[in-house]
1. Among (1) open to solvent by 70 Å² or more (accessible area, probe 1.4 Å); (2) free of Cβ contacts under 8 Å to residues at least 40 places away in the same chain; (3) farther than 19 Å from Lys33 by Cβ, where does Lys66 come up short?
2. Quick check on my filter: what residues within the range 111-140 are more than 13 Å from the chain's Cα centre (by Cα), among the hydroxyl-bearing types (Ser, Thr, Tyr) and closer than 14 Å to Ile175 by Cα?
3. Among the candidates Ser76, Ser106, single out the residue that is small (Gly, Ala, Ser) and farther than 27 Å from Thr165 by Cα.
4. Collect the residues in the range 126-152 that are open to solvent by 80 Å² or more (accessible area, probe 1.4 Å) and part of a strand (DSSP E or B), keeping them in residue-number order.
5. When both residues are 6+ apart or on different chains and their Cβ atoms are under 9 Å apart, which pairs have a first residue that lies in the range 22-42 and is in contact (Cβ under 8 Å) with a residue 12 or more places away in the chain and surrounded by 19 or more Cβ atoms within 10 Å (Cβ to Cβ), and a second that is basic (Lys, Arg) and in a strand (DSSP E or B)?
Amino acid sequence: MKKKVGDRPDWGQFFLENKAVVEKLVEVAQISKKEVVLEIGAGDGRITKVLAQKAKKVIALEIDKKFLPQLKKLPSKVEVVMGDALKFLQDKPLGKTDKLVANLPSSLVEPVFQLLTQTDFALGAFLVPQKFAYKIKNHPVFQAYFEIELIGKVSQKAFFPVPKTNWQIIMVKKIPDPLVSGQVELFLTRFIYE
């Protein structure tokens, strides 16, 4: 397969080429026409287009300026934000963002999830390396912040360039503040982590 504009395997970027997987990822996010969605790592907009069909507004976050021409062609309900996802999540409260969707570069998966422990959102649909999906599902610290459901394995052949491992679609629901819900064990885990 010929190298495409923006392919950066050194960043761990693997572009989803299977339309059925794109549709499934968006379906898992359970997006309504009234909701605002943040897509972390919009790439060339292949997932963003489908999100825009479902949501009131999509904030498409992308660092690679090579994708700007493609992203500018998306519907007007898509707001393109060029910048670093980690900096964006650290500096900006998500405000009116209801859902998160991402096919994250493998190098950003763990740092993004660490920042999401401090981020307010209702539900997220993520495509992550399978090994990380199992790690986050079973890790006590992440369990203190998220309800995680493993939705389905995605073959490495669904991406370009082809990663060395299979990936997994996961649904992530943020657990409410344990001080409000009265879950003492979760409060202690979060207190130790933070």
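1. (2)
2. Hit for the range 111-140 is Thr117, nothing else.
3. Ser76
4. The answer is Glu147, Glu149.
5. These pairs meet every condition: Ala29/Lys99; Ile31/Lys99; Glu35/Lys57; Glu35/Lys99; Val37/Lys57; Val37/Lys99; Leu38/Lys99.
The values are calculated or read from the model by the stated rules, or taken from the named source; none is laboratory data. Since we're looking at a predicted model, the values are computed, not measured. In this analysis, Cβ positions are derived from the backbone assuming ideal geometry, glycine residues included, and neighbour counts consider all displayed protein chains. Note: areas computed on protein heavy atoms with side chains; ligands, DNA, RNA excluded. Shrake-Rupley method; radii C 1.70, N 1.55, O 1.52, S 1.80 Å.
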